[in-house]
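Here the structure comes first, spelled out in structure tokens, and everything after it is commentary.
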Amino acid sequence: MSRLIVISNRVSAPRPNDPKGAQGGLSVALAAALREYRGIWFGWSGNKVDEFTGHIDLQRHGGVTTATIDLEEQDVDEYYNGYANRTLWPLFHYRIDLAEYDRSFAGGYERVNERFAGTASPLIEPDDLVWVHDYHLIPLGAQLRERGLKNRMGFFLHIPFPPSRLMVSLPFHEGLVLSLLAYDVIGFQTEEWLESFRHYVERELGGRCEPDGTIHVGDRSVHAAAYPIGIDYQEFCEAATSERSTQAYDRLKKSADGRHTIIGVDRLDYSKGMEERFLGYRRFLEEHGDCRGKLFLLQIAPPSRGEVHTYEIIREDLDELSGRINGEFAEVDWVPIRYVNQGYAREDLAGFYRASEMALITPLRDGMNLVAKEYVAAQDPEDPGVLILSRFAGAALQMKDAILINPYSKDEISDAIHTALTMPKEERIRRWQAMNESVKNEDVVAWRRAFVGALEGAGKG
Ligand code: ADQ
């Protein structure tokens, strides 16, 4: 059996009970995937050094071998904070107003991808399958090929792929997308992002897309398809019924004091639509004065990417907005928004999800959104809560029994909260059962089997 070499920007060893818990969805999903495969998880350690040495730190944690490298400060500024998070992340989330184009970012991105290729390639044996993750490492496959690697290589994009008309606003966009064709398999979260990619290939690269997923550009043929990521359903259900989770459940129920809890859990990021969510909730409080004091919004949002200015701004904006709404509506014994800026262990989160009558998940654009799936998995089958979900999250394509809303509309958010509050139990159960089936069947195991299966079947590059 071939080994699997997973390469992603960050590597975090699987520690499900890490109380800091602010791991993104990517690391949570990969830890689960790697447990079953022999192989290596390669990436940046998260540490900065004065000078790049290419030294690889090999370790073994929880059945997974990790290989990490340190980067220079300038690398981190230009590649991670710069091109990845100030150029590609906003652009790929349709926010060209926030995307910054800077020559030094693009140069740093190329340089760090080369550093990844140079240090990872000696670890890769001829039969290994190579699986590269996400927007930080798009050109890596091409750079590994330049070093003579003929392995089967796949790339999975965890975030949306933007429509061609937005993509062309990126300087040198053709080069970036062409570099994707060095992979044998290119995976997207949903058919929608796949469609944008295919459109780009035909329109901008003069390529040809076949109905079976094969894409031809020049003499290169690759396979591009949708592989929707899921959660580790089994592990999450166990977490939701653990003792620690029960304690978290009790803690929230006790403090709710008979009030309904609406929960939101997101990394602090503008793509998650928290500002719009708060405003929609405010609209609900205005329109339904009789409900004030009977429910509250618990928004858990650990800060992320604090070195990027836009993230400082979103944090300030949310502090201000939650304070304003609380000032406007709070009573001596009731606060409408509990806004918490910290991460929690998965068991705690599972308990909070289970104790919440409703989840309000309203990203303006999201590759998938695993929180929506976790919320469903954590529910009590006899008395499940209601999921309100943005139609612009990739997860909405699989979770049609959620209350789907337009996150830009305060009215839709307000109406959805009211519908959820008054929804009969039979309907809650019916909707939850349908969603739970898909979360359970389309889990992280199915995701990695589908992707790795496609990679195993791909012709050598
Ligand atoms: P993210 O943008 O990080 O992931 P998401 O899919 O929602 O978004 O995953 C977040 C993960 O972090 C969840 O597992 C959640 O439980 C955890 N988390 C969030 N807040 C937390 C807190 N306060 N404490 C502890 N854990 C917390 C990117 C893409 C998504 C895509 C994933 C996976 O942006 O669209 O679904 O990758 O592909």
Counting only protein heavy atoms, what percent of the accessible surface of the chain is carbon or sulfur at a 1.4 Å probe?
47 percent
Can you compute the helix-only [θ] at 222 nm over the chain? Use -39500 (n - 2.57) per DSSP H run of at least 4 residues, normalise by all residues, nearest 500 deg cm²/dmol.
-12000 deg cm²/dmol
Would you mind putting 407-413, 303-309 in packing order, based on average other-beta-carbon counts within 10 Å, highest first?
407-413, 303-309
Using θ = phi - 60° and Karplus 6.51 cos²θ - 1.76 cosθ + 1.60, couplings along segment 329-345 (whole Hz; Gly, Pro as x)
10, 5, 10, 4, 10, 7, 10, x, 10, 9, 10, 10, 9, 9, x, 10, 4
Would you mind telling me the antiparallel percentage of the DSSP bridges in the chain, rounded to 5?
20 percent
Of K48/K150; K410/K440; K272/K440; K48/K440; K253/K425, which ones are farther than 28 Å apart at the Cα?
K48/K150; K410/K440; K48/K440
Quick tally, 1.4 Å probe accessible area for K373, K294, K254, K400, sorted with the most first, runs K254, K400, K294, K373
Give me the 1.4 Å probe accessible area per residue for the chain, excluding ligands and nucleic acids, in Å².
40 Å²
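The values are calculated or read from the model by the stated rules, or taken from the named source; none is laboratory data. All values reported here derive from a predicted model rather than from experimental measurement. Positions of Cβ are generated from backbone atoms using ideal geometry, with glycine treated the same way; all protein chains shown enter the neighbour counts. Surface accessibility is based on the protein's heavy atoms, side chains included, excluding ligands, DNA and RNA. Shrake-Rupley method; radii C 1.70, N 1.55, O 1.52, S 1.80 Å.
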